[in-house]
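Here's the structure we're looking at; comments come further down.
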Amino acid sequence: MMGLSQTLLVYVLVCIHLGVSQHYLRLRPSPSDHLPVPDLKEDPDPEYDPREQDLAERTLRKKLGSNFDPNFMSISSPMLVNLSVPDNLVKLQGHMPKDIKNLDFTETPYGKPVKVGKKARRKFLQWLWTYTHCPVVYTWKDLGVRFWPRYIKEGNCFSERSCSIPEGMSCKPVKSINKIFLRWYCQGFLKQKYCTWIQVQYPIISECKCSC
(Lines give C-alpha, C1' and ligand atoms only; values in the text may rest on other atoms or scores of the structure.)
Protein backbone atom coordinates (compact mmCIF):
# COMPACT_ATOMS: atom_id res chain seq x y z
CA MET A 1 0.00 0.00 0.00
CA MET A 2 2.38 2.63 -1.31
CA GLY A 3 5.17 2.48 1.28
CA LEU A 4 3.20 1.79 4.45
CA SER A 5 5.10 -1.46 5.07
CA GLN A 6 8.37 0.46 4.92
CA THR A 7 6.95 3.02 7.33
CA LEU A 8 6.01 0.37 9.84
CA LEU A 9 9.39 -1.32 9.56
CA VAL A 10 11.05 1.75 11.04
CA TYR A 11 8.60 1.72 13.91
CA VAL A 12 10.92 -0.28 16.16
CA LEU A 13 9.89 -0.48 19.78
CA VAL A 14 12.02 -3.21 21.33
CA CYS A 15 11.43 -3.70 25.04
CA ILE A 16 12.45 -7.32 25.61
CA HIS A 17 13.19 -7.89 29.29
CA LEU A 18 15.25 -10.94 30.28
CA GLY A 19 13.32 -13.12 32.66
CA VAL A 20 9.80 -12.02 31.65
CA SER A 21 7.30 -14.50 30.29
CA GLN A 22 7.15 -15.44 26.59
CA HIS A 23 3.81 -13.64 26.33
CA TYR A 24 5.56 -10.27 26.48
CA LEU A 25 8.43 -10.95 24.08
CA ARG A 26 6.62 -9.35 21.12
CA LEU A 27 6.28 -5.73 22.17
CA ARG A 28 5.99 -4.13 18.73
CA PRO A 29 3.49 -4.67 15.90
CA SER A 30 4.59 -6.97 13.09
CA PRO A 31 5.25 -5.12 9.81
CA SER A 32 2.08 -4.94 7.74
CA ASP A 33 0.13 -2.75 5.35
CA HIS A 34 -2.38 -1.84 8.03
CA LEU A 35 -2.60 1.46 9.87
CA PRO A 36 -3.24 2.79 12.44
CA VAL A 37 -0.65 1.00 14.54
CA PRO A 38 -2.21 -1.73 16.72
CA ASP A 39 -1.88 -1.53 20.50
CA LEU A 40 1.37 -2.91 21.89
CA LYS A 41 1.49 -5.77 24.37
CA GLU A 42 3.17 -4.38 27.46
CA ASP A 43 4.66 -6.12 30.49
CA PRO A 44 2.24 -5.02 33.24
CA ASP A 45 4.96 -4.99 35.91
CA PRO A 46 5.17 -1.36 37.15
CA GLU A 47 8.89 -1.91 37.73
CA TYR A 48 9.29 -1.26 34.01
CA ASP A 49 7.48 2.09 34.19
CA PRO A 50 9.41 5.38 34.32
CA ARG A 51 9.68 6.90 37.78
CA GLU A 52 8.56 10.40 38.68
CA GLN A 53 12.09 11.76 38.29
CA ASP A 54 12.24 10.21 34.80
CA LEU A 55 9.24 12.28 33.70
CA ALA A 56 10.72 15.76 34.15
CA GLU A 57 9.08 17.75 31.35
CA ARG A 58 11.98 20.13 30.83
CA THR A 59 14.46 17.28 30.37
CA LEU A 60 12.19 15.32 28.06
CA ARG A 61 11.37 18.36 25.92
CA LYS A 62 15.11 18.94 25.49
CA LYS A 63 15.63 15.29 24.53
CA LEU A 64 12.79 15.36 21.97
CA GLY A 65 13.84 18.78 20.69
CA SER A 66 12.23 20.07 17.50
CA ASN A 67 10.38 16.76 17.05
CA PHE A 68 7.75 17.91 19.53
CA ASP A 69 4.62 18.62 17.46
CA PRO A 70 1.72 20.04 19.50
CA ASN A 71 -0.62 19.40 16.58
CA PHE A 72 -0.24 15.64 16.96
CA MET A 73 0.99 15.09 20.53
CA SER A 74 0.02 16.21 24.00
CA ILE A 75 1.69 15.95 27.41
CA SER A 76 -1.48 16.37 29.45
CA SER A 77 -4.68 14.44 28.87
CA PRO A 78 -6.73 16.00 26.06
CA MET A 79 -10.40 15.20 25.59
CA LEU A 80 -10.22 11.67 24.16
CA VAL A 81 -12.98 12.27 21.65
CA ASN A 82 -13.41 12.13 17.88
CA LEU A 83 -11.96 15.31 16.38
CA SER A 84 -13.55 14.99 12.95
CA VAL A 85 -16.70 16.65 11.66
CA PRO A 86 -19.64 14.78 10.11
CA ASP A 87 -18.94 13.55 6.58
CA ASN A 88 -21.61 15.74 5.01
CA LEU A 89 -19.92 18.79 6.54
CA VAL A 90 -16.39 17.93 5.38
CA LYS A 91 -14.94 20.83 3.44
CA LEU A 92 -13.24 19.53 0.34
CA GLN A 93 -9.75 20.91 -0.05
CA GLY A 94 -7.37 21.07 -2.96
CA HIS A 95 -8.24 20.38 -6.58
CA MET A 96 -10.92 18.02 -7.80
CA PRO A 97 -9.39 14.63 -8.75
CA LYS A 98 -8.70 14.35 -12.49
CA ASP A 99 -10.61 11.07 -12.82
CA ILE A 100 -13.75 12.92 -11.71
CA LYS A 101 -13.09 16.26 -13.39
CA ASN A 102 -12.48 14.62 -16.78
CA LEU A 103 -15.62 12.49 -16.83
CA ASP A 104 -17.23 12.62 -20.28
CA PHE A 105 -21.04 12.64 -20.09
CA THR A 106 -21.43 12.67 -23.86
CA GLU A 107 -20.29 9.05 -24.18
CA THR A 108 -22.73 6.22 -23.47
CA PRO A 109 -22.55 2.44 -23.94
CA TYR A 110 -25.12 2.74 -26.73
CA GLY A 111 -23.37 5.45 -28.72
CA LYS A 112 -26.14 8.01 -28.18
CA PRO A 113 -24.72 11.29 -26.83
CA VAL A 114 -26.19 12.83 -23.68
CA LYS A 115 -26.53 16.58 -23.42
CA VAL A 116 -25.70 17.96 -19.95
CA GLY A 117 -25.66 21.65 -19.14
CA LYS A 118 -22.55 23.18 -17.60
CA LYS A 119 -24.33 24.02 -14.36
CA ALA A 120 -25.82 20.53 -13.98
CA ARG A 121 -22.47 18.93 -14.83
CA ARG A 122 -20.66 21.05 -12.27
CA LYS A 123 -23.18 20.20 -9.54
CA PHE A 124 -23.05 16.49 -10.31
CA LEU A 125 -19.24 16.42 -10.28
CA GLN A 126 -19.23 18.26 -6.96
CA TRP A 127 -21.69 15.73 -5.52
CA LEU A 128 -19.63 12.82 -6.87
CA TRP A 129 -16.45 14.26 -5.39
CA THR A 130 -18.13 14.68 -2.01
CA TYR A 131 -19.54 11.14 -2.10
CA THR A 132 -16.23 9.49 -2.99
CA HIS A 133 -14.13 11.75 -0.75
CA CYS A 134 -12.20 9.90 1.98
CA PRO A 135 -11.39 12.22 4.89
CA VAL A 136 -8.95 11.29 7.65
CA VAL A 137 -10.76 10.98 10.99
CA TYR A 138 -8.54 12.05 13.90
CA THR A 139 -8.90 10.78 17.49
CA TRP A 140 -6.70 11.29 20.53
CA LYS A 141 -5.12 8.06 21.80
CA ASP A 142 -3.44 7.32 25.14
CA LEU A 143 -0.16 5.49 24.46
CA GLY A 144 0.52 4.90 28.14
CA VAL A 145 3.14 6.08 30.60
CA ARG A 146 5.98 4.44 28.65
CA PHE A 147 5.63 6.97 25.83
CA TRP A 148 6.36 10.69 25.96
CA PRO A 149 4.39 12.68 25.10
CA ARG A 150 1.77 10.19 26.24
CA TYR A 151 -1.06 11.27 23.93
CA ILE A 152 -1.10 11.10 20.14
CA LYS A 153 -3.65 12.37 17.61
CA GLU A 154 -4.10 9.31 15.44
CA GLY A 155 -5.69 9.17 12.01
CA ASN A 156 -8.22 6.66 10.66
CA CYS A 157 -9.91 6.43 7.28
CA PHE A 158 -13.63 7.23 7.26
CA SER A 159 -15.43 3.88 7.11
CA GLU A 160 -19.10 4.41 7.93
CA ARG A 161 -20.18 3.72 4.34
CA SER A 162 -18.89 2.65 0.96
CA CYS A 163 -17.23 5.42 -1.05
CA SER A 164 -18.06 4.07 -4.52
CA ILE A 165 -20.99 3.87 -6.92
CA PRO A 166 -22.04 1.07 -7.01
CA GLU A 167 -21.04 0.15 -3.47
CA GLY A 168 -18.11 -2.14 -2.80
CA MET A 169 -15.05 0.08 -2.44
CA SER A 170 -13.92 1.62 0.84
CA CYS A 171 -11.58 4.32 2.13
CA LYS A 172 -8.05 3.03 2.72
CA PRO A 173 -4.78 4.71 3.74
CA VAL A 174 -2.41 5.73 0.94
CA LYS A 175 -0.01 8.05 2.77
CA SER A 176 1.38 8.37 6.27
CA ILE A 177 3.66 10.70 8.19
CA ASN A 178 6.10 9.80 10.96
CA LYS A 179 6.14 11.54 14.32
CA ILE A 180 9.03 11.12 16.74
CA PHE A 181 8.17 10.12 20.29
CA LEU A 182 10.23 9.05 23.30
CA ARG A 183 9.88 5.44 24.40
CA TRP A 184 10.90 4.15 27.84
CA TYR A 185 13.23 1.25 27.09
CA CYS A 186 14.48 -1.28 29.66
CA GLN A 187 16.87 -4.19 29.32
CA GLY A 188 18.43 -6.62 31.75
CA PHE A 189 17.15 -8.45 34.84
CA LEU A 190 14.53 -6.83 37.06
CA LYS A 191 16.99 -5.79 39.80
CA GLN A 192 19.88 -5.20 37.40
CA LYS A 193 18.00 -3.57 34.56
CA TYR A 194 19.00 -0.42 32.75
CA CYS A 195 16.25 1.90 31.51
CA THR A 196 16.37 5.05 29.41
CA TRP A 197 14.32 7.13 26.96
CA ILE A 198 14.94 6.41 23.26
CA GLN A 199 13.50 8.09 20.17
CA VAL A 200 11.06 6.04 18.06
CA GLN A 201 9.05 6.80 14.93
CA TYR A 202 5.27 6.45 15.08
CA PRO A 203 3.42 6.40 11.71
CA ILE A 204 0.14 8.33 11.42
CA ILE A 205 -2.30 8.10 8.51
CA SER A 206 -2.25 11.39 6.60
CA GLU A 207 -4.27 10.60 3.47
CA CYS A 208 -6.99 8.12 2.49
CA LYS A 209 -8.36 7.12 -0.89
CA CYS A 210 -11.36 5.20 -2.18
CA SER A 211 -10.09 1.84 -3.42
CA CYS A 212 -10.80 -1.90 -3.60
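The values are calculated or read from the model by the stated rules, or taken from the named source; none is laboratory data. Computed from a prediction, not measured in an experiment: that's the story for all the values here. Reconstructed Cβ throughout: ideal geometry from the backbone, glycine too, with neighbour counts over all protein chains shown. When the accessible area is computed, the model is the full protein with side chains, heavy atoms only, and any ligands, DNA or RNA have been set aside. Shrake-Rupley method; radii C 1.70, N 1.55, O 1.52, S 1.80 Å.
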How about the stretch 164-205: which of its residues are without any contact (Cβ under 8 Å) to a residue 40 or more places away in the chain and among the polar types (S, T, N, Q)?
192, 196
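Evaluate the following for residue 160: is it loosely packed, with under 15 Cβ neighbours inside 10 Å and farther than 26 Å from residue 72 by Cα? Steps first, answer last, please.
Values: loosely packed, with under 15 Cβ neighbours inside 10 Å: yes; farther than 26 Å from residue 72 by Cα: no.
So residue 160 does not fit the description; no.
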Restricted to the stretch 186-212, and to residues that are open to solvent by less than 50 Å² (accessible area, probe 1.4 Å) and over 18 Å from the mean Cα position of the chain (by Cα), which residue is modelled with the lowest pLDDT?
188
Quick check on my filter: what residues within the stretch 60-70 are in a helix (DSSP H, G or I) and open to solvent by less than 90 Å² (accessible area, probe 1.4 Å)?
60, 64, 65, 67
